[in-house]
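Peer 1: Got a structure for you, questions after.
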Amino acid sequence: MPAPRTIPAVKGFRDVLPEESRRWQALEEAAGQVFGRFGFGEIRLPVLERTELFARSLGETTDIVEKEMYSFADRDETGLTLRPEATAGVVRAYLESGLAQSDPAARLFYRGPMFRRERPQRGRYRQFYQIGAEVLGRDDPLADAELLLMLVRYLAAVGARDTRLELNSVGDRTCRPVYRERLREFGRAHLEGLCADCHRRLERNPLRMLDCKVESCREIMARAPVAAESLCEACRAHLDGVRALLEQEGVTYTMNVRLVRGLDYYCRTAFEVVGAGLGAQNAVGGGGRYDGLVAALGGPDVPGVGFALGLERLAMVAPDAGGEPDGPTAVILPLEPQAVGPALALATRLRDNGLVVGLEPAGRSLKALLRAADRRRARLAVILGEEELRTRRGTVRDLTRHEDRREAFSLDASGAELARSLRTMIGAVE
Ligand code: AMP
């Protein structure tokens, strides 16, 4: 019989192994801390939502809704979709849970997996993780500025390198239609150079032509009119207000008049965090204001502003988050089979007292066991053989200094005392 073949993961889906996940934990913890200081509470959302939530919030003409969603009919025929992003879910929860009444100016952050059926490449997956934050119920420039300040503080806290904040305004209900018309005129004048997708975008959603990835389109669109020139008085004042507050707090950013967000509901403030050295997929995160979204989802006319950061890309620009992993404080090495029980008992007592403790199986030479302890990068090895069990004194070997010590280590001492003496040996002050 042939050996059964191994089953690979689904294309674009990947595993996050402990080394990477340790760094992710540090990124997530820092988010909780920094966002907490700005008054944000965590919301945990389902990964599955009704398809209509995304169709309505993202707009039928976006790439995500047109071709990237994992959608299927449930057994009762309800159309369901694995969330491609979380803002729509946050707004649904805000309305459904009554926050809209009890805490209309809610500040929420989330983290978790998102799903988009994009073409996989470096930094782009079909399941990826985001950390994001949303401020609802606020339309003043201070809300945008505070959110951006929080984002910048967070990036600094995790040691993100070579990132740049780009800012723009994409206008609102008053001035966007004017701009859209100008873009349409520009597109019509350059029709022959634009790709088939952009021909379609031209009629349905001309703003999307600005972030077309096709090189010839990019060249043409580089000369297109920019939103900033078409802003109405109110949008101009809003942008100036945000910029003044950012500058007051010393936030560095660059204006990028070509920055548009892929999603229909964005208005006014749009921003992106770009990472140098990330290659083609260089956006670490982005966000903006979405004043029409809550109403579009059947709620009151409540404004909002938020961002989402991609955890995979954040980990690339903040490679030192989480620091170097520590090996265990001690590894316990039972020399004989009869030392296994006492070794486990000792490990339990030490672990109960907060030490990171490794345990090796018996049945190998001392040399092999010590090599195993070294491989784990343990600071100390506690050797339990016949002699140690008889005298009730463990031999502790300092693996960095290669010395044996027995006196301090009575196996009959309390777990707290044992933990303390091991900590003293490695010079860790409690
Ligand atoms: P978006 O919701 O498209 O604004 O994306 C926000 C951030 O999520 C991006 O800047 C990326 O860091 C990350 N992101 C979006 N799509 C993917 C993907 N397919 N794979 C990995 N990260 C992604």
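Peer 1: GNM on the chain, C-alpha springs below 10 Å: top fluctuator among Val226, Val284, Val396?
Peer 2: For the chain, modelled as a Gaussian network with Cα springs under 10 Å, the answer is Val396.
Peer 1: Could you give the length gained on full extension between Glu203 and Arg173, defined as 0.36 nm per residue of separation minus the Cα-Cα distance, in nm?
Peer 2: Once the chain is fully extended between Glu203 and Arg173, it gains 9.0 nm.
Peer 1: Across 5 Å bins from 0, what is the distribution of all Cα-Cα pair distances for segment 77-197, in whole percents?
Peer 2: Cα pair-distance distribution for segment 77-197, in percent: 2, 7, 11, 13, 16, 17, 16, 12, 5, 1, 0.
Peer 1: Mean-square fluctuation check for the chain, GNM, Cα pairs under 10 Å: which of Lys367, Lys11, Lys67 is largest?
Peer 2: Highest fluctuation among the options: Lys367.
Peer 1: May I ask you to sort Met114, Met209, Met255 by Cβ crowding, counting other Cβ atoms within 10 Å and putting the fewest first?
Peer 2: Met255, Met114, Met209
Peer 1: Extension gain Leu344-Arg75, at 0.36 nm per residue separation less the Cα-Cα distance, in nm?
Peer 2: Answer, rounded to one decimal: 91.9 nm.
Peer 1: A further question on this structure: Spin-label point model (7 Å from Cα, Cβ direction): what's the Thr61 to Asp404 distance in nm?
Peer 2: The answer from the label model is 8.0 nm.
Peer 1: Give me the percent relative contact order of the chain, please, defined on Cα pairs under 8 angstrom at least 6 residues apart.
Peer 2: Worked out over the chain, it gives 15 percent.
Peer 1: P(r) for the chain, please, calculated from all Cα pair distances in 10 Å bins and given in %.
Peer 2: 4, 18, 23, 19, 13, 11, 8, 4, 1, 0
Peer 1: Now, a different point. Just tell me which lysines come within less than 19 Å, Cα to Cα, of Lys213; anything on the same chain fewer than 8 places away is out.
Peer 2: Lys67
Peer 1: Then there's this: Just grab the label-to-label distance for Ala296 and Ala196, each label 7 Å out from Cα along the Cβ direction, in nm (one decimal).
Peer 2: 2.7
Peer 1: For a label point 7 angstrom out from the Cα of Glu215 toward its Cβ, which stretches of segment 261-290 have the backbone nitrogen within less than 19 Å?
Peer 2: 279-282
Peer 1: Let me ask you something else. Quick check on the exposure proxy: order Phe115, Phe38 from fewest to most C-beta atoms within 10 angstrom.
Peer 2: Phe38, Phe115
Peer 1: Would you mind ranking Arg393, Arg50, Arg37 by Cβ crowding within 10 Å, fewest neighbours first?
Peer 2: Ordered from fewest to most neighbouring Cβ atoms within 10 Å, Arg393, Arg50, Arg37 come out as Arg37, Arg50, Arg393.
Peer 1: Given charges of +1 on the Cβ of Lys and Arg and -1 on the Cβ of Asp and Glu, with all other atoms neutral, how large is the dipole of the chain about its Cα centre, in debye to the nearest 20?
Peer 2: Around 1100 debye, computed over the chain.
Peer 1: Still on this model: Rounded to whole Å and ordered largest first, report the semi-axes of the equivalent ellipsoid of segment 189-247 derived from its Cα gyration tensor (root of 5λ).
Peer 2: Here the semi-axes work out to 30, 12, 10 Å.
Peer 1: Per-residue ellipticity at 222 nm for the chain, helices alone: DSSP H runs ≥ 4 residues times -39500 (n - 2.57), over residue total, nearest 500 deg cm²/dmol?
Peer 2: It lands at -11000 deg cm²/dmol.
Peer 1: Loop only by DSSP, 16 or fewer other Cβ within 10 Å of the Cβ. Give me the chymotrypsin sites (Phe, Trp or Tyr not before Pro) in segment 176-285 that pass, ordered by residue number.
Peer 2: Sites meeting the loop and neighbour criteria: none at all.
Peer 1: Using the Kirkwood radius built from alpha carbon pairs, what does the Stokes-Einstein equation give as D for segment 307-430 at 10 °C and 1.306 mPa s, in µm² per second?
Peer 2: 103
Peer 1: Arranged from highest to lowest average of other beta-carbon atoms within 10 Å per residue, in what order do the peptides 410-419, 381-390 appear?
Peer 2: So the peptides 410-419, 381-390, ranked by packing, come out 381-390, 410-419.
Just so you know, all these numbers are worked out from the coordinates, no wet-lab data involved. Computed from a predicted structure; not experimentally measured. Glycine also receives a Cβ, built like all others from the backbone with ideal geometry; neighbour counts cover every protein chain displayed.
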